[in-house]
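Some notes on the structure that comes next.
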Ligand code: KE4
């Protein structure tokens with residue numbers, strides 16, 4: 001038996017499913033999860049000393065690769081002066097100013113401790129600001145485990161067949177209208193059927209929790225227009241895409257100005273950080289100035305701020321976003337070579353990608369759901385056994401980092417190609 005197996009046995013006795021987050025349980029691909037004991041650059045080292053080229057990147061934060069020295073040094077240095085103060089600290093101000101500089105639609109911002117807190121706070125703030133209750137979201141989009149948003153959700157909810165979680169009061173779920181992504185007519189109809197009742201539309205501008213698919217031309221622009229006309233708020237959940245697709249995230253790439261933006265992952269450099277921000281007139285509705293309450297003991301934690309700031313500064317210094325595009329282009333070229341002639345679809349934007357086990361294109365959840373999950377699972381394990389770790393679910397995106405070298409990508413392409421030959 002392996003050390004990971006023994007650790008998993010112990011975990012199962014005390015942690016539900018043996019994991020602190022469901023997608024780690026490998027239920028989407030079968031088998032037992034490996035345990036990681038260290039990570040550096042684009043590689044993980046398992047508890048059994050296997051080295052893996054990592055394309056999950058702790059689900060997005062490791063954009064510079066794992067444990068970049070600029071971040072670990074900042075953490076070490078900051079920790080000398082204390083771990084948490086429960087008072088305002090200078091790093092929070094620097095983080096807020098940096099976010100507002102990177103993301104122009106964010107005029108004011110508040111730090112939280114996870115992406116879930118960020119989206120949850122956006123929803124409450126939108127409802128408080130508009131005085132309306134209903135929310136529009138899109139099938140397959142995942143916004144964290146927020147009661148109002150765990151309706152036809154993606155990511156682990158989809159992987160484990162619980163897109164509509166138990167425990168959500170029907171009275172609350174009824175206030176969430178879910179619509180297929182890229183269907184602007186259905187959004188228009190929802191607004192017409194609920195005049196003056198829609199507080200906000202929330203979406204991942206590039207949905208990456210049902211694999212990865214893109215907004216069709218004009219879709220985001222139409223959402224912006226519909227929200228403006230209806231005086232509803234447009235909320236971009238950029239927990240995944242923020243600071244990754246561009247310095248200003250997907251909203252910079254697509255030229256759309258949302259009213260609120262949820263952020264996370266990259267912003268913490270690997271530590272627990274989320275943030276939400278947007279128009280000052282909306283953000284000023286938050287306590288202590290306004291009537292919408294929101295709070296957090298560790299929000300703006302100095303260590304987390306130092307880690308996130310070090311990561312954002314380094315991304316800007318090394319022109320990380322253009323490096324990521326170059327790495328993405330070369331990865332895509334090799335991936336397309338590996339899948340040539342096979343009933344597969346490879347979709348990418350920047351450093352995010354997905355290989356769907358179905359013929360494309362994939363434009364919405366219903367398309368993604370037609371993927372061959374069994375064949376995906378076999379492919380996943382063949383790659384893992386050969387030293388490449390892709391996300392353990394067809395309904396997750398893959399992530400490249402600045403630390404992935406051309407040698408890593410060449411090696412990955414060979415392993416992908418061999419794995420595909422063995423499952424087709
Ligand atoms: P967290 O609460 O997990 O920090 O963030 C929730 C969240 C919000 N919005 C988007 C677009 C997200 O992708 C996420 C979390 N992403 C998943 C990966 N698909 C996290 C992995 C996990 O659940 O363990």
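Just so you know, all these numbers are worked out from the coordinates, no wet-lab data involved. Just so you know, these numbers come straight off a predicted model, no measurement behind them. Quick reminder, even Gly has a Cβ in these numbers, built from the backbone with ideal geometry, and neighbours come from all protein chains shown.
Hey, can you rank 29-38, 265-274, 146-155 by average C-beta count inside 10 Å, highest first? Before the final figure, lay out the partial values.
On the way: 29-38: 16.8, 265-274: 25.7, 146-155: 23.0.
In decreasing order of mean packing, 29-38, 265-274, 146-155 become 265-274, 146-155, 29-38.
So for the pair residue 85, residue 67, with labels modelled 7 Å out along Cα→Cβ, what separation do we get in nm?
2.9
Counting other beta carbons within 10 Å of each residue's own, what order do 81, 145 fall into, fewest first?
Details: 81 11, 145 20.
Least crowded to most crowded, the residues run 81, 145.
Considering Cα pairs under 8 angstrom that are at least six residues apart, work out the relative contact order of the range 69-316 and quote it in whole percent. Intermediate results must be reported in sequence, preceding the final value.
Numbers: 488 pairs, mean separation 76.0, N = 248.
Over the range 69-316, the number comes to 31 percent.
For the chain, what does the relative contact order come out to in percent, with C-alpha contacts under 8 Å and a separation of six or more?
Values: 850 pairs, mean separation 96.4, N = 424.
Rounded, it is 23 percent for the chain.
Would you kindly give the portion of the calculated P(r) for the range 69-316 that falls above 27 Å, as a percent of all Cα pairs?
Numbers: 10118 of 30628 pairs.
Everything past 27 Å amounts to 33 percent.
Using the number of other C-beta atoms within 10 angstrom as an exposure proxy, rank 362, 19 with the fewest first. Let's see the in-between values first.
Details: 362 23, 19 17.
Neighbour counts put them in this order, fewest first: 19, 362.
Can you sort 168, 202 from fewest to most other Cβ atoms within 10 Å of each residue's own Cβ?
Working: 168 16, 202 27.
Fewest to most other Cβ atoms nearby, the residues stand as 168, 202.
Once a ≥ b ≥ c are taken as the square roots of the eigenvalues of the Cα gyration tensor of the range 28-107, is the result rounded (a/c under 1.5), prolate (a/b larger than b/c) or oblate (a/b not larger than b/c)? Could you put the intermediate results ahead of the total?
On the way: a/c = 2.57, a/b = 1.77, b/c = 1.46.
Prolate shape, in that a/c is at least 1.5 and a/b is the bigger ratio.
Computed over the Cα atoms of the chain, what is the convex hull's projected area averaged over all directions, in nm²? Provide the component values of the computation, followed by the final result.
On the way: hull surface 79.5 nm².
Seen from a random direction, the Cα hull of the chain projects 19.9 nm² on average.
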